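The structure appears below as structure tokens.
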Amino acid sequence: MSEQYLTVTALTKYLKRKMELDPHLRNVWLRGEISNFKLHTRGHMYLTIKDDQARMQAVMFAGSNKNLTFMPENGMNVLVRGEVNVFESYGQYQLYIKEMEPDGIGALYLAFEQLKEKLENKGFFDPVHKKPIPPIPKHIGVITSPTGAAVRDILTTITRRFPLADATVLPVLVQGPNAAASITGAIEQANQMDLFDVLIVGRGGGSIEELWSFNEEIVATAIFNSKIPIISAVGHETDTTISDFVADLRAPTPTGAAEMAVPSRLELLDRTSELERRLQRALSGLYSEHEKTLKRLMSSYAFRYPQQLVSQKEQQLDTASERLQRTFDNQLTRLGTNLRQLDLRLMQQHPERQVETASTDVKLLEKNLQRAMGWIVDKEKVDLSTMISKLSLLNPLEIMKRGFSVPYSNDGAIIKSVQQLDKGDQLSIRLADGVANCQVIDTKENRNE
Amino acid sequence: MSEQAELSFEQAMKQLEDIVEKLEAGDVPLEKAIDYYQEGMQLSKLCNDKLVNVQDKMVKIMNEQGTLEPFDVQEEE
């Protein structure tokens, strides 16, 4: 009985073989709703496919999902194709998805809307990035299929409208899985060549699948990064691709793109003849203006009456020279007068004259001095005799002669008050003709004070 | 004129337009204006000649080596 036991691995392998041998499970077409969607960093997608009653684990490896034109989301209804197999480690059966597309809404339409929104958010459509198309290009690069109506329409239109421009076709695939890379490569190559001043990128009309490469992100990015201005021309007027949004100018058709890329030769001929007319008009305008000026000058007073002009000048000259002479004479007279006056003043200041004056002064001063001296001496004499008689009046001896005497104390001082004297004091009295020595008997003070 | 022969149509056109504008501004001395006029008329003739006596340019195609070779535009039958 014991040999009936199996290992888990053995049973799992058995089940796996069973499943792998069932051709129905090898290729399953399944319709369901996505949930638990998870995009692993390594690129694999893990999700659950479910309906109302059941759910199934599913995985879509990077190798398979790289071709997806849209990004799966939870709640999205999808149609998937894949195989059912066992994931041995978990003992779990799951669906290995090979292909997936949205159910109900077209996969391409969804992808278009998703990429459009993404690029719009990145600013790819912003008018600030639009480069101007050169008005008269020298070399046009045409990136399209070398066969078909589009390339023919573009080239015949260019050569018909403006044969001066060079045109070079950069042949690319415009549909199929390699088209996007082919178009991208051509845009990048054109940018490295330094040959073209404008590029036309496009193709003729077709189904959305046929036009699809112009909705690819790599193509949009190449157009956005192009330094050369790009005119897009994809399909018919009603076909709008991502490339049309990114391009610097969108043409409705390939023929329209060529018309936008080059000016019309006939229009340019009109333009040059118009410029020529303007050139002639400008010059003849300038001529007639100068002619007018010349006529005005010729008819001016100076040209009509040259003699008058000269005689007028002559008269002016005469007046001026007369004035000059007169001024000169006046000046001379004035200077002569000045000179004579100065001479006179100088003569008055002659030193001899000064000496004369001075010696007269000296004599006068001498006389005055002598007279003054005489006055002074006389006056002094009078004063002296007056003084002498005054003095003789004041001489105490003279006074004493009239009966006055002077008392002296023993120490020789003149006694002027009875208060200086006491009873019995010795004193001497000087009289006019001698001295009397005396003694005080009594003193009596006057009371009349 | 030998100098002008080197001019591209676009350059000639641009120069012609500049000259017309300068002349129309009116503040050019007469002698200079005559020079401009003569130059302008030559440029105009050059542009005109280029537009009238144009030979059809050979359209080219780039081959896989990145070199250019003549390309024959097939008319639709």
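Can you find, among A:Phe328, A:Phe125, A:Asn65, the residue farthest towards the positive end of the dipole of the protein assembly as shown? Put +1 on the C-beta of Lys and Arg, -1 on that of Asp and Glu.
Farthest along the dipole direction, towards plus: A:Phe328.
Show which lysines lie in cross-link reach of A:Lys390 when reach means a straight Cα distance below 27 angstrom and same-chain residues fewer than eight apart are skipped.
A:Lys379, A:Lys381, A:Lys401, A:Lys416
What order do you get for A:Tyr301, A:Tyr287 when you list them from fewest to most C-beta neighbours inside 10 Å? Write down the numbers at each step before the final one.
Values: A:Tyr301 9, A:Tyr287 14.
So the residues, fewest neighbours to most, are A:Tyr301, A:Tyr287.
Given charges of +1 on the Cβ of Lys and Arg and -1 on the Cβ of Asp and Glu, with all other atoms neutral, how large is the dipole of chain A about its Cα centre, in debye to the nearest 20?
Numbers: 54 positive and 56 negative charges, 326 e Å.
Here the size comes out at about 1560 debye.
Any idea how far the Cα center of region A:372-400 sits from the one of region A:403-449, in Å?
Going from one Cα centre to the other spans 33 Å.
Check which residues have an amide H placed less than 5 Å from A:Lys98's amide H, if you skip close sequence neighbours.
HN-HN under 5 Å from A:Lys98: A:Arg81, A:Gly82, A:Glu83.
Could you work out the Kirkwood radius for the protein assembly as shown, taking every pair of different alpha carbons, averaging 1/r and inverting it, reported in Å? Write down the numbers at each step before the final one.
Working: mean 1/r = 0.0262 Å⁻¹.
Result for the protein assembly as shown, one decimal place: 38.1 Å.
Within a Cβ distance under 13 Å of A:Gly235, other residues only, what is the Lys/Arg minus Asp/Glu net charge?
For residues surrounding A:Gly235, the net value is -4.
222 nm [θ] for the protein assembly as shown, helices only, -39500 (n - 2.57) per DSSP H run of 4+, per residue, to 500? Show your work: numbers first, answer last.
Details: 17 runs with 262 residues, N = 526.
My calculation for the protein assembly as shown gives -16500 deg cm²/dmol from helical runs alone.
Please list, ordered by chain and number, the residues whose modelled amide H lies under 5 Å from the amide H of B:Ile61; skip anything fewer than 5 residues away on the same chain.
HN-HN under 5 Å from B:Ile61: A:Val169, B:Glu69, B:Phe71.
Given N residues in region A:2-105, what is Rg(Cα) / (2.2 N^0.38 Å)? Numbers along the way, then the final one.
Numbers: Rg = 15.3 Å, N = 104, 2.2 N^0.38 = 12.8 Å.
In units of the 2.2 N^0.38 Å rule of thumb, it is 1.19.
Can you give me the angle between helix A:351-394 and the longest principal axis of chain A, using Cα atoms only, in degrees from 0 to 90, rounded to the nearest 10?
50
In debye, nearest 20: dipole of region A:29-152 around its Cα centre with unit charges on the Cβ of K, R (+) and D, E (-)? Intermediate values should be presented prior to the final figure.
Details: 15 positive and 13 negative charges, 153 e Å.
Roughly 740 debye for region A:29-152.
Using unit Cβ charges (K, R positive; D, E negative) and no other charged atoms, how large, in debye to the nearest 20, is the dipole of region A:400-439 about its Cα centre? Could you put the intermediate results ahead of the total?
Working: 5 positive and 4 negative charges, 48 e Å.
In debye, rounded to 20, region A:400-439 gives about 240.
Given springs between every Cα pair under 10 Å in a Gaussian network model of chain A, which of A:Asp166, A:Asp244, A:Asp383 has the largest fluctuation?
With Cα springs under 10 Å in chain A, the top fluctuation among A:Asp166, A:Asp244, A:Asp383 is at A:Asp383.
If you take the C-alpha gyration tensor of region B:2-70, multiply each eigenvalue by 5 and take the square root, what semi-axes do you get, largest first, in whole Å?
Its equivalent ellipsoid spans semi-axes of 36, 12, 9 Å.
What GluC sites (Glu not before Pro) in region A:1-80 are in a loop by DSSP, with at most 15 other Cβ atoms within 10 Å of the Cβ?
On the way: sites: A:Glu3, A:Glu20, A:Glu33, A:Glu73; in loops: A:Glu73.
Listed in order of number, the matching sites are A:Glu73.
For B:Lys57, which lysines qualify as cross-link partners when the Cα separation must be under 26 Å and same-chain residues fewer than eight apart are set aside?
A:Lys138, A:Lys227, B:Lys14, B:Lys45
With Cβ to Cβ distances under 12 Å as the rule, what net charge do the other residues near A:Leu249 carry (K, R +1; D, E -1)? Show your work: numbers first, answer last.
On the way: positive: A:Lys130, A:Lys131, A:Arg250; negative: A:Asp244, A:Asp248, A:Glu259.
Summing Lys/Arg as +1 and Asp/Glu as -1 gives 0.
Mind listing which trypsin sites (Lys or Arg not before Pro) in region A:1-100 are in a DSSP loop and have 13 or fewer other Cβ atoms within 10 Å? Working shown, then result.
Details: sites: A:Lys13, A:Lys16, A:Arg17, A:Lys18, A:Arg26, A:Arg31, A:Lys38, A:Arg42, A:Lys50, A:Arg55, A:Lys66, A:Arg81, A:Lys98; in loops: A:Arg42, A:Lys66.
The qualifying sites are A:Arg42, A:Lys66.
Between their Cα atoms, which of A:Lys13/A:Lys66; A:Lys130/B:Lys32; A:Lys38/A:Lys116 are more than 32 Å away from each other? All intermediate terms of the calculation are to be shown ahead of the outcome.
Numbers: A:Lys13/A:Lys66 30 Å; A:Lys130/B:Lys32 41 Å; A:Lys38/A:Lys116 23 Å.
Flagged as over cut-off: A:Lys130/B:Lys32.
Please average, across the residues of A:267-277, the number of beta carbons from any other chain that are within 10 Å of each residue's own beta carbon, and give a whole number. Present the calculation step by step, with values, prior to reporting the outcome.
Numbers: counts 1, 6, 4, 0, 5, 15, 3, 2, 10, 9, 2.
For this peptide, the per-residue mean of nearby foreign Cβ atoms is 5.
Please report the spacing between the Cα centers of region A:92-145 and region A:184-219 in Å, no decimals.
About 12 Å separates the Cα centre of region A:92-145 from the one of region A:184-219.
Computed from the coordinates by the stated procedures, all read-outs in this text should not be read as laboratory data. Note that the structure is a prediction, hence the values are computed from the model and not measured. Cβ atoms come from the backbone with ideal geometry, glycine included; neighbour counts cover every protein chain shown.
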